[in-house]
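Worksheet: one structure, shown below.
The values are calculated or read from the model by the stated rules, or taken from the named source; none is laboratory data. Small disclaimer: the values here were computed from a predicted structure and weren't measured. No Cβ is skipped: glycine too gets one built from the backbone with ideal geometry, and neighbour counts run over all protein chains shown.
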Amino acid sequence: MLVANCKVLGLKIFFYYILVMAGHSKFKNIMFRKGAQDKKRAKTFGKLGREIQIASKLGGTDLNLNHRLRTAIDSAKAANMPKDNIDRAIKRSFDNELNNLEEIKYEGFGPGGTLFIIDTMTDNKNRTVSELRQIFSKNGGSIADSGNVSHTFKRKGELVYKIEKSFESKIFDLAVEFGADDIITDNENCIIYCEPEKINNIKEKVSTLSIEPTSISLTWISSNKININNKEDEKKFFNLINELEDNEDVQNVSSNYGIS
């Protein structure tokens with residue numbers, strides 16, 4: 001009887017240990033994911049903050065006169081950046097340390113015939129171009145000379161809405177009426193492209209439907225779209241995108257990939 005009781009007790013302890021360790025492992029996984037998400041969000045907020053600072057410094061803080069700043073603030077709000085962070089970024093536009101920041105646009109050739117424009121803000125352009133060259137080389141691409149790629153791109157405003165089908169035609173009509181150049185829809189999103197100076201007006205008009213964008217930004221759109229049919233090139237392409245976007249100096253990455 002004593003032996004049997006010991007065996008039962010041993011099994012109970014064993015299963016309790018399994019449950020505790022399983023819970024511990026789950027907790028660690030949750031905390032790891034949360035940590036990764038927090039790190040990614042902090043990096044996103046950092047880039048949005050720099051855009052607000054530069055836009056304020058170059059064009060002033062009057063949102064009616066500075067459409068770039070207004071777009072930057074709307075982009076920050078769409079990313080759920082706290083208002084205090086936005087206000088601090090505007091105040092920091094007067095800091096002398098911003099005098100060391102340069103806006104530099106780089107061009108590149110990616111795998112599968114893809115083309116890239118990378119907008120950066122840097123206080124050390126030698127470091128930035130060295131890191132970008134390494135990222136491109138690692139993923140089957142190369143940095144291009146200025147003008148070799150950009151002649152196929154145009155600067156555009158981009159508004160992304162997650163919508164129900166019942167609103168799709170209303171958004172389409174408003175966007176066209178107030179100057180959209182192109183509208184792309186799929187099962188989940190409606191993406192509006194327009195001239196940069198029209199982005200805020202279109203956003204305000206669509207807001208009358210009580211719909212706010214999930215993303216608002218200035219980007220580069222190519223007239224020469226390309227699809228990648230080779231799986232290896234496609235893998236390199238997405239690795240290239242991820243590594244470029246992860247770079248501290250990179251503000252925005254644009255490509256002529258067909259679904260971008």
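Taking the stated definitions as given, is residue 147 part of a loop (DSSP other than H, G, I, E, B) and either closer than 23 Å to residue 196 by Cβ or of a type in the set (Ser, Thr, Tyr) (or both)? Break it down into steps so the answer makes sense when it comes.
On the way: part of a loop (DSSP other than H, G, I, E, B): yes; either closer than 23 Å to residue 196 by Cβ or of a type in the set (Ser, Thr, Tyr) (or both): yes.
Yes: the conditions hold for residue 147.
Taking the options 171, 184, name whichever one is in a helix (DSSP H, G or I) and either at pLDDT below 95 or under 23 Å from residue 55 (Cβ atoms) (or both).
Numbers: 184 fails: in a helix (DSSP H, G or I).
Being in a helix (DSSP H, G or I) and either at pLDDT below 95 or under 23 Å from residue 55 (Cβ atoms) (or both) holds for just one of 171, 184, which is 171.
For segment 227-260, give me each residue that is hydrophobic (A, V, I, L, M, F, W, C) and modelled with pLDDT of 90 or more. Write out each step before concluding.
So in segment 227-260, the residues hydrophobic (A, V, I, L, M, F, W, C) come out as 228, 237-238, 240-241, 244, 250, 253, 259.
Passing the criteria: 228, 237, 238, 240, 241, 244, 250, 253.
Scanning segment 151-168 for residues that are of a type outside the set (Val, Ile, Thr) and in contact (Cβ under 8 Å) with a residue 60 or more places away in the chain, which turns out surrounded by the fewest Cβ atoms within 10 Å (Cβ to Cβ)?
Kept after step one, since they are of a type outside the set (Val, Ile, Thr), are these residues of segment 151-168: 151, 153-159, 161-162, 164-168.
Filter again for in contact (Cβ under 8 Å) with a residue 60 or more places away in the chain, leaving 153-158.
Details: 153: 21, 154: 15, 155: 13, 156: 20, 157: 26, 158: 22.
For segment 151-168, the residue satisfying everything is 155.
In segment 171-188, what count of residues is obtained for those that are among the polar types (S, T, N, Q) and either touching a Pro at 6+ places or on another chain (Cβ under 6 Å) or surrounded by 15 or more Cβ atoms within 10 Å (Cβ to Cβ) (or both)?
Residues meeting the conditions: 1.
Could you check segment 109-121 and list, in sequence order, the residues that are out of contact with any strand residue (DSSP E or B) (no Cβ under 6 Å at 6 or more places or on another chain) and either part of a strand (DSSP E or B) or loosely packed, with under 13 Cβ neighbours inside 10 Å (or both)?
First, the residues of segment 109-121 that are out of contact with any strand residue (DSSP E or B) (no Cβ under 6 Å at 6 or more places or on another chain): 111-112, 115.
115 - this is the single residue of segment 109-121 that is out of contact with any strand residue (DSSP E or B) (no Cβ under 6 Å at 6 or more places or on another chain) and either part of a strand (DSSP E or B) or loosely packed, with under 13 Cβ neighbours inside 10 Å (or both).
Search segment 108-126 for residues that are under 14 Å from residue 140 (Cβ atoms) and free of Cβ contacts under 8 Å to residues at least 60 places away in the same chain and pair each with any residue that is of a type in the set (Phe, Trp, Tyr) and part of a helix (DSSP H, G or I) when their beta-carbon atoms are under 7 Å apart and the residues are at least 6 apart or on different chains.
Correct list of pairs: 108/136.
Only one of 234, 243, 212, 158 is under 20 Å from the mean Cα position of the chain (by Cα), under 29 Å from residue 40 (Cβ atoms) and in a loop (DSSP other than H, G, I, E, B); which?
On the way: 234 fails: in a loop (DSSP other than H, G, I, E, B); 243 fails: in a loop (DSSP other than H, G, I, E, B); 158 fails: in a loop (DSSP other than H, G, I, E, B).
Criteria check complete, one pass: 212.
For segment 122-142, enumerate the residues that are surrounded by 13 or more Cβ atoms within 10 Å (Cβ to Cβ), touching a Leu at 6+ places or on another chain (Cβ under 9 Å) and under 14 Å from residue 241 (Cα atoms).
Across segment 122-142, the qualifying residues are 132, 135, 136, 139, 140, 141.
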